[in-house]
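The values are calculated or read from the model by the stated rules, or taken from the named source; none is laboratory data. Not measured: the values here are computed from a predicted model. For neighbour counting, all protein chains shown are included, and Cβ atoms are generated from backbone atoms with ideal geometry for every residue, glycine included. Heavy atoms of the whole protein, side chains included, go into the accessibility calculation; ligands, DNA and RNA do not. Shrake-Rupley method; radii C 1.70, N 1.55, O 1.52, S 1.80 Å.
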Amino acid sequence: AARSSVTSRYEMRYRSATAREEAALAAGTAREADAALHALQDTTLGSLTVYVVPETSSLLPQGVTVYVGRHRRALVRAGGSLAALQARLQEVAQVMSFRASSVAAALSDRVPDGQLGPDARRTLKSSLGYEITFSLLNPDPKSHTVDWDIEGAVNRFVKPVLDKLSLVANFSVDSQILYYAVLGVTPRYDKESSSFLLSAHSLPHVINPVEARLGSSAASLYPVLNFLLYVPERTHSPLYIQDKDGAPVSTNAFHSPRWGGIMVYNVEASTAPQASLPLHVDVDMARVMEVFLAQLRLLFGLSREEVPPEFLLESPGNEGLADWELDHLLWAHTVENIATVSTTLTSLAQLLDKIGNIVIKDDVASEVYRAVASVQSAVTKLSLGHLHAAFQASKEAVTCSERAFFDPSLLHLLYFPDDQKFAIYIPLFLPMAVPILLSLVKIVRETRLRRKEPTKMD
């Protein structure tokens, strides 16, 4: 049975609101109050400030008891007993911080399938960096000339998100246009809608033929996130994606866990004669990037599905994720990094035990010591609530442990067990050793014979 020693512990402190905070809470809407409170004081990573507003306050809409802002603040409507308020504050802390499901997702590769939810292995594994590739697939360039302002779209929509995620990892972004790249699955024609359909069960077969054309992950040191915009060929237009129930998907897109996503971008049906082809297409990048950024959130495990109905979560806006969601990522990646270092060092110890004559260099030993010290530091700082320092220590531990594990001097092919040594060297030296041994035997016999012969006297 899988066991987790990760426990969540909250340190709660109560105080009265200051005069400036009272003025900020007098704003007309909860969004304005959240922005005003953020301007007063920026909170530290991993912390959370909850303001209890009167039950009659007009800041929160009708039926909403908790408002979660873009930063690390929440507004809670007072009401009921003090115990009910305490339980609500605990619920707010669980929504905005680390939960049991987060632990399961972070340690998904080490937990049996039966103990995980359906989406636990959907999120990306922790890495020091990620590479994002945007690809435009135009399988029918004779019919369509497609223009997309990918550079402007990245600067406008993607860069604010990656700037926020820069605390978690390093990111690089590139783009490409692939011509005559087809999905590899022939869509089904539907007479009723006069369109072509891709069913949910055929979507897994779409990725492999396309991935062979991408070529982005071959020389990459980091995980690659692929976001593909597919403009269907004229003979298969319009093309729509169906879900498992046969209903059309509103975004006309789908995502693959730990890989990326594909969006089908249909071109308006043209009555132009064949001679006027190719048809010029300008891609609506705002609509496309809205879908891709939603898929990026899913890949990083930032789904907002487990929110109680009386909670109102503010949209993160152009930044793509709220400050408390960034804390959630740092918590998850720190725990995962600690588990990864533990696995790596355990594997290294098993390797060293198995090969008795292996040579451990001083630099390898120092990397192991640094990895252990960094893990201990990460665990200590995580327990104290120093989230950023704990994450940095866990990254250092991962780097040191992998540097030690993959050191060229520890290649097991460099060291042979004794039985392999005999098996290798006996066939080489035995043919030469036979005449030498026979000669030694002959010399020994002659020496003994000489000793036995009586000395001749004149």
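Ranked highest first by the average count of other Cβ atoms within 10 Å around their residues, in what order do 441-451, 389-399, 344-354 fall?
Result, highest mean first: 389-399, 344-354, 441-451.
Carbon and sulfur: what percent of the chain's accessible surface (1.4 Å probe)?
The nonpolar share, carbon plus sulfur, comes to 56 percent.
Rg (Å, one decimal) plus Dmax (Å, integer) for the alpha carbons of segment 261-413?
Radius of gyration, then largest Cα-Cα span, for segment 261-413: 24.7, 78 Å.
Dipole of segment 323-412, Cα-centred, from +1 at each Lys and Arg C-beta and -1 at each Asp and Glu C-beta, to the nearest 20 debye?
Charge dipole of segment 323-412: 240 debye, to the nearest 20.
For the chain, what are the DSSP H helices with axial Cα length of 18 Å or more and mean Kyte-Doolittle hydropathy of at least 1.0?
Sorted by number, the helices that extend far enough and score high enough are 285-299.
Send over the semi-axes of the chain's equivalent ellipsoid, whole angstrom and largest first, taken as the square roots of 5 times the C-alpha gyration tensor eigenvalues. Walk me through the numbers before you get to the answer.
Details: eigenvalues 710, 291, 65 Å².
With the √(5λ) rule applied to the chain, the semi-axes are 60, 38, 18 Å.
Taking a ≥ b ≥ c as the square roots of the Cα gyration tensor eigenvalues, with a/c under 1.5 meaning rounded and otherwise prolate when a/b beats b/c, else oblate, which class fits segment 1-83?
Verdict is prolate for segment 1-83.
Considering only the other residues whose Cβ falls under 12 Å of the Cβ of L221, what net charge follows from Lys and Arg at +1 and Asp and Glu at -1?
-2
In the calculated pair distance distribution of segment 129-300, what percentage of Cα-Cα distances lie above 20 Å?
53 percent
Counting other Cβ atoms within 10 Å, keep those with at most 16, restrict to DSSP loop, and tell me which trypsin sites (Lys or Arg not before Pro) in segment 163-204 are left.
Answer in residue order: K191.
For a quick check of your reading of the filter: which GluC sites (Glu not before Pro) in segment 171-259 sit in a DSSP loop and have no more than 16 other Cβ atoms within 10 Å?
Passing sites in segment 171-259 are E192.
If you take every DSSP beta bridge whose two residues both sit in segment 129-300, what share of them, in percent to the nearest 5, is antiparallel?
In segment 129-300, approximately 20 percent of DSSP beta bridges are antiparallel ones.
Using modelled amide H (1.01 Å from N, peptide plane; none on Pro or chain starts), what sits under 5 Å from the amide H of G301, excluding residues fewer than 5 places away?
L124
Tell me the accessible surface of T251 in square angstrom (1.4 angstrom probe, heavy atoms of protein chains only), to the nearest ten.
Looks like 60 Å² after rounding.
Based only on Cα atoms, what Rg/Rh ratio does segment 223-350 have, Rh being taken as Kirkwood's radius?
1.12
By its C-alpha gyration tensor, with a ≥ b ≥ c as the square roots of the eigenvalues, how is segment 229-269 shaped: rounded for a/c under 1.5, else prolate for a/b larger than b/c, else oblate?
It is oblate, given that a/c is not under 1.5 and a/b is not larger than b/c.
How large is the convex hull of the C-alpha atoms of segment 168-231 per residue, in Å³? Intermediate values should be presented prior to the final figure.
Details: hull volume 8.6 nm³, N = 64.
That works out to 134 Å³ per residue.
Extent of segment 323-412 along each principal axis, from alpha carbon coordinates, in Å, largest to smallest?
50, 18, 18
How would H71, H205, H386, H255 rank on accessible area, largest to smallest, probe 1.4 Å? If you can, show how the numbers build up before the last one.
Working: H71 30, H205 120, H386 100, H255 55 Å².
These residues rank, largest area first, as H205, H386, H255, H71.
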